[in-house]
Amino acid sequence: TAEGAAGDAPADAALTPFSLRGVHLQASRGELVALVGAVGAGKSSLLAALTGSMEASRGLVHVRGAVAYAAQRPFILSASVRDNILFGRQYDEERYTRVLHACDLVSDLAEMGAGDLTQIGERGIALSGGQRARVALARAAYSDAPIVLLDDPLAAVDAAVARHLMAECIGPGGLLSDRLVVMATNALEQLRGLPRILVLDGGEVLEEGSFDALSSLEGGSFARLLAT
């Protein structure tokens, strides 16, 4: 649940920090909430508020349960692919295999010399941007956190991979469908059929509704985003 306003502490008192204003969001396990909007609209800031990285100046931010967070710039250990996905958790072969498939990593690992034991180096230097994003997504999926926050996980992958990730991992019926997923994204075409989308601009929620309802709203912000 998040409502009210949140903002970063200013580095200089003379500067006005970016803030979220009038945001009212309540969501439960089993829901997928998509956050969309232009660059600088507040999508990442809303995720940051839910992780406690932004200070609430007004209102209440309450998150019940553990959170798995896949950042826009994924954190990658200087270790093997497997170690990056497990992230200190016990290895469960069946669960791990499901995660690799859901995150479309099977073919990538097959091309690596040592498979998932391949050392990927500091900051994932041996991986492409799309592979780093999918490793971070796999880490969140392998965790048992009931809340998963995803910051633009589809940005670095092509349309075919994005469709796979939505169908097998993120979207309804995917691996994460029994958790609460809040996802910031600009891949609007991948959101077709979703029941809950929030459109942000300037730190405020302008529209909220299903893909069908928002896309058919003549002159609406989502319809304009979709057209461009």
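The values are calculated or read from the model by the stated rules, or taken from the named source; none is laboratory data. If you're wondering where the values come from, they're calculated on a predicted model, not measured in any experiment. Every residue, glycine among them, receives a Cβ derived from its backbone with ideal geometry; neighbour counts consider all protein chains shown. Only protein heavy atoms, including side chains, enter the accessible area calculation; ligands, DNA and RNA are left aside. Shrake-Rupley method; radii C 1.70, N 1.55, O 1.52, S 1.80 Å.
Please identify the pairs in which a residue from the stretch 204-227 that is among the hydrophobic types (A, V, I, L, M, F, W, C) has its Cβ atom under 7 Å from the Cβ atom of a residue that is open to solvent by 50 Å² or more (accessible area, probe 1.4 Å), counting only partners at least 6 apart or on another chain.
That search, which allows pairs on different chains as well, returns 211/192; 211/193; 223/217.
Of everything in the stretch 45-76 that's in contact with an Asp or Glu (Cβ under 7 Å, 6 or more places away or on another chain) and crowded, with 19+ Cβ neighbours inside 10 Å, which residue is farthest from residue 170 (Cα to Cα)?
Taking the candidates together, the pick is 54.
Taking the stated definitions as given, is residue 172 in contact with a Pro (Cβ under 9 Å, 6 or more places away or on another chain), closer than 28 Å to residue 21 by Cα, open to solvent by 20 Å² or more (accessible area, probe 1.4 Å) and not in a helix (DSSP H, G or I)?
no
Whether any residue in the stretch 96-109 is surrounded by 14 or more Cβ atoms within 10 Å (Cβ to Cβ) and in contact with a Leu (Cβ under 6 Å, 6 or more places away or on another chain) is what I want to check.
Among the residues of the stretch 96-109, at least one is surrounded by 14 or more Cβ atoms within 10 Å (Cβ to Cβ) and in contact with a Leu (Cβ under 6 Å, 6 or more places away or on another chain), which makes the answer yes.
Name the residue, out of 95, 58, that is over 24 Å from residue 152 (Cβ atoms), part of a strand (DSSP E or B) and in contact (Cβ under 8 Å) with a residue 24 or more places away in the chain.
Criteria check complete, one pass: 58.
Kindly check whether there is at least one residue in the stretch 121-142 that is open to solvent by less than 30 Å² (accessible area, probe 1.4 Å), part of a loop (DSSP other than H, G, I, E, B) and either under 16 Å from residue 174 (Cβ atoms) or free of Cβ contacts under 8 Å to residues at least 60 places away in the same chain (or both).
yes
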